[in-house]
Amino acid sequence: MDNVLNTFKNIGIFSALYETLLMIIISTLISFIVGLLICLVSILTAKDSLKPNKLVYHLTSFIINLGRSIPFIILLVVLIPFTRFIVGTSIGVRGMIVPLTLGSIPFVARVCEDAFLEVDKGLIGAIKAMGAKNTTILYEVYIKESLPSLIRGIGLTMIMLVGYSAMSGAVGGGGLGGLAITYGYYKFDSTSMVMIVIMIVLMVQVIQKTFDLVSKKIDKR
Amino acid sequence: MIRAINLTKTYPQTSNALHALKNVNLEIKKGLIYGIIGASGAGKSTLLRLLGGLEEPTTGEVLFNNKNINLLSRQEKRLMHQRKGIVFQKYYLLNQKNVFENIAFPMRISQYDNVTINQKVTDLLDLVGLKDKALEYPSKLSGGQQQRVAIARALATYPDALLLDEITSALDPFTTKAVLDLIKGIYHKQELTIILITHDIEVIKYLCDYVYVLHDGEVIENGPIKAIINQPNHPITKRLLGGINHG
């Protein structure tokens, strides 16, 4: 056990873990807010919805589908000039937050859309029949009734970002991905690689279990 | 109180348009229980949705207290909705809110104060016999209990009229009787105007003062319940009374 911990410390796995967590938490927070808003606009403007608007609906659908069409590693490279413009660098934690956030927004919007589609359209009609405003319906019905699914969606987003952040390690992203490239690709150090993989697997399991538990706890269905 | 004048509702489709309602005229007077009966697909739910202001007619008017509800401003329409309580077949309770909060919900939308909400919801829980279920969530309730919560919710904002859309169709006979007795009790206590949509003639017979018979989007017969039952004129009405058309 001491040997394992020493190896962890020597290869800098804890600071890499910290960098990865920082990247995925910040990216998840921003992408969830933006993705949720895009999704709410899409839901609001869909046909037969609260405020149908063909143009806005197709625009939001296009944004969601466009974002999901581009493989992340390519998006990462394409965004380098934009990332440098926003945060001043394209490497390290700061340099990765921009592409990680932009890359996950369409995924979040899609996850939110799936959650909102679970809400019975009849329920919307029933709440409208009480004289509720559209903002009340969006918040009290769509968001609150879908909350367990949205919580699971946050967990899914974070796990997806673990994968994306690992990819970003190949282009100077840092974190566990960068560590894996350094020790696995450049130094051929399989022992360290195994430990990094174990750390990533543990992290994903903890994220999944945590969000599953929270979702189950708040789900009153 | 509520009047439908030459109401038509057509749903455009890829091949032929669906004429759900064709020139429907009806009048709902204050303080009576009206039944609207017809087989499945007769246009009953569409009619209720138009009377409740949930959809706009293709042509024609719906007047609520002599005002055309489709010409009201958004604010006026919201206030009008608060004057009518609607109960649907599928209850449509909010799963993430407990019974108390479900019943309180329309009052919160209408911005009643907490003291009034607490008092009114407590009274309604008593009225529908669910005082001990206040903190339960809908998933823990039976169908009949969920329907009672939906009825209590529809009564929360002191409505003038109650619109009930096939509220007993999903319930067993014993629960149906219990719910109908509850409606009867509420009617006598609160002197509401009630419009009940159903395909079940027994429900109409048990509860209603006046009935409209709907078939293929048209009112084919209407009158006081006793007159319709004793002397139905239209063959469709006779068939419905014979109980052949069920759902």
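The values are calculated or read from the model by the stated rules, or taken from the named source; none is laboratory data. Keep in mind that this is a model prediction, so the values were computed, not measured. Note: ideal-geometry Cβ built from the backbone for every residue, glycine included; neighbour counts use all protein chains shown. Side chains included, ligands, DNA and RNA excluded: accessible areas come from the protein's heavy atoms. Shrake-Rupley method; radii C 1.70, N 1.55, O 1.52, S 1.80 Å.
Tabulated values for the structure
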quantity	calculated
Sequence of A:48, B:200, B:126 from largest to smallest accessible area, 1.4 Å probe	A:48, B:126, B:200
Descending semi-axes in whole angstrom, ellipsoid equivalent of the range A:99-210, from the Cα gyration tensor	42, 13, 8
Pairwise burial B:A, computed as accessible area of each alone minus the pair, summed, 1.4 Å, Å²	1900
Rounded, prolate or oblate (a/c below 1.5 giving rounded, otherwise prolate when a/b exceeds b/c) for the range B:197-247 by Cα gyration tensor	rounded
Among B:54, B:35, B:174 the positive-end extreme of the charge dipole of the protein assembly as shown (Cβ point charges)	B:54
Normalised convex hull volume, the protein assembly as shown, alpha-carbon set, Å³ per residue	198
Relative contact order [Cα under 8 Å, 6+ residues apart], chain A, whole percent	26
Residue of A:156, A:59, A:36 that the Gaussian network model of chain A assigns the largest fluctuation, springs spanning Cα pairs under 10 Å	A:59
Accessible area of the range B:129-247 divided out per residue, in Å², using a probe of 1.4 angstrom	45
Above-threshold pairs, the threshold being 27 Å between Cα atoms, out of B:90/B:120; B:77/B:177; A:128/B:44; B:77/B:120	B:77/B:177
The range A:159-182 residues near the modelled residue A:87 label - backbone nitrogen below 15 Å, point 7 Å along Cα→Cβ	A:161-162, A:164-178
Most mobile of A:151, A:64, A:86 in a GNM of chain A (Cα contacts under 10 Å)	A:86
Cα coordinate range in chain A, projected on the principal axes (Å, largest first)	66, 41, 23
Solvent-accessible surface (1.4 angstrom probe) belonging to residue B:78, in square angstrom, nearest 10	50
Of all accessible heavy-atom area on the range A:85-203, the percent that carbon and sulfur account for (1.4 Å)	68
Share antiparallel - DSSP beta bridges, chain B, percent rounded to 5	55
Most to least accessible of B:24, A:56, A:206 (protein chains only, probe 1.4 Å)	A:206, A:56, B:24
With eigenvalues of the C-alpha gyration tensor scaled by 5 and rooted, the range B:67-134, Å	25, 15, 11
